[in-house]
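A short write-up of the structure that comes next.
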Amino acid sequence: MTVTDAGGVVDAVWRIESARIIAGVARIVRDVGLAEELAQDALVAALEQWPESGVPKNPGAWLMAIAKRRAIDLIRRKETYQRKLAELGHELEIDGDSVEDDVEAILEDHIEDDLLRLVFTACHPVLTMDARVTLTLKLLGGLKTDEIARAFLAPEATIAQRIVRAKRNLAKAGVQFEVPSGPDLLDRLQSVLEVVYLIYNEGYSATAGDDWMRPALCNEAMRLGRLLVELMPTEPEVLGLLALMELQSSRANARTGPDGEPVLLLEQDRRRWDRLLIRRGLEGIERAWALEKPPGPYLLQAAIAACHARAADPDDTDWARIAGLYAVLAQVTPSPVIELNQAVAISMAFGPERGLQAVDLLADDPSLQDYHLLPSVRGDLLFKLGRLDEARAEFEKAAALTRNERERKLLLERAAAC
């Protein structure tokens, strides 16, 4: 095997296995930053050895064994070794035989528990949201620093500094490598879900740049969502978030035209929607409702997305139900953005005049003053009412507020159409 071939295999294995390796090592050293360094050491060992020895039968377990050996070697060099070893119950004693001899023991580790600890650590509220997102993509997504930088249109140095600061702040705050319990679990779970959904939304509707969507981020968020469902299968909000992402992603092929221009929901060719993702999303919603727990914001949003998914034609959409679901969602999670979406549903169910009345109630909300979708929605309703001069002014205002070039072009086209 050539070095190039081995490098490609190592990269692929790392993308799949890195989160498990870092999580397994973090349980030993109780430090996420140090765990990642040791996992990277194992990666270097693979790059050095695999071109000569060949790829092992279970490359993920090979990397895990090397990383854990490095962790134990580190502990042995510290005065606290005996105490640490007692805490671990001697489960990680390695006799020095070949790495292949450790594979069976590695596979028997409680990987799911370790992964869950890593999820809650990377998304800890002690970090800023930007730091949580970046660290989650680095530790759980296996993305390289330059990949994260490209995804968020940020300088690589900025992302690198953010990662370093995040690890340092976790250590400084003494964040425990553990899954919270009791009431703390639900509070922290919201942070985890918020991080995953923020990653997804940035991929689904890019806030800046030349692209309408960034599919790689959507796919990464869904991968994280599926991981969470495996780890927490009885949490309705976890199921709801994955279902929501799958249902929204089912429209991806129809959301852009031949030149990458945006295609709005009601104008999409629904024959291009992904039926497999729709089926998965609907099944996830059914599983969540079957748990018979009060619905949270992600399950409610998934239920709204399901109304669109079930409509083979835009005219078949149950807009009255969507408006009702938004009303419930606004009670569960009060937000002017949710109220704006509810106003759109009201306009579709009961006419643009009713919708405009609902939108105008939000006109003075401080949090919406720089939100480009407020004048965009208002412009659409004014256009439907034949008030074209006012509609044009709203579309132009929305175009000036958005930072996405594709969206700006679409809004200016709508202004010209007035």
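The values are calculated or read from the model by the stated rules, or taken from the named source; none is laboratory data. Note that this is a predicted model, so its numbers are computed, not measured. As a convention, Cβ positions derive from the backbone with ideal geometry for all residues, glycine included, and neighbour counts pool all protein chains shown.
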Select from the range 331-352 the residues that are closer than 22 Å to E194 by Cβ and outside any loop (DSSP other than H, G, I, E, B) and list them in ascending order. Q331, V332, P336, V337, I338, E339, L340, N341, Q342
When every residue in the range 360-388 that is over 18 Å from A399 (Cβ atoms) and in contact with a helix residue (DSSP H, G or I) (Cβ under 6 Å, 6 or more places away or on another chain) is compared, the one surrounded by the most Cβ atoms within 10 Å (Cβ to Cβ) is L362
Mind checking which helices (runs of 4 or more DSSP H) fall wholly inside the range 214-330 and carry at least 3 residues that are modelled with pLDDT under 90, crowded, with 20+ Cβ neighbours inside 10 Å and under 17 Å from the mean Cα position of the chain (by Cα)? 215-231
Residue count for the range 18-33, restricted to those that are touching a residue at least 60 places away in the same chain (Cβ under 8 Å) and under 22 Å from E220 (Cβ atoms): 9
Here is a list: F177, F152. Which entry is aromatic (F, W, Y) and either modelled with pLDDT of 85 or more or more than 18 Å from the chain's Cα centre (by Cα) (or both)? F177
Among the candidates T128, T121, T80, T134, which residue alone is touching a Phe, Trp or Tyr at 6+ places or on another chain (Cβ under 7 Å) and either surrounded by fewer than 14 Cβ atoms within 10 Å (Cβ to Cβ) or modelled with pLDDT of 90 or more (or both)? T121
Residue set L92, L115, L63; condition modelled with pLDDT of 55 or more, surrounded by 13 or more Cβ atoms within 10 Å (Cβ to Cβ) and closer than 22 Å to E178 by Cα; output residue L115
Can you run down the residue pairs with Cβ atoms below 9 Å, 6 or more apart or on separate chains, where the first is in the range 170-196 and outside any helix (DSSP H, G or I) and the partner is of a type in the set (G, A, S)? F177/A23; F177/A26; F177/A35
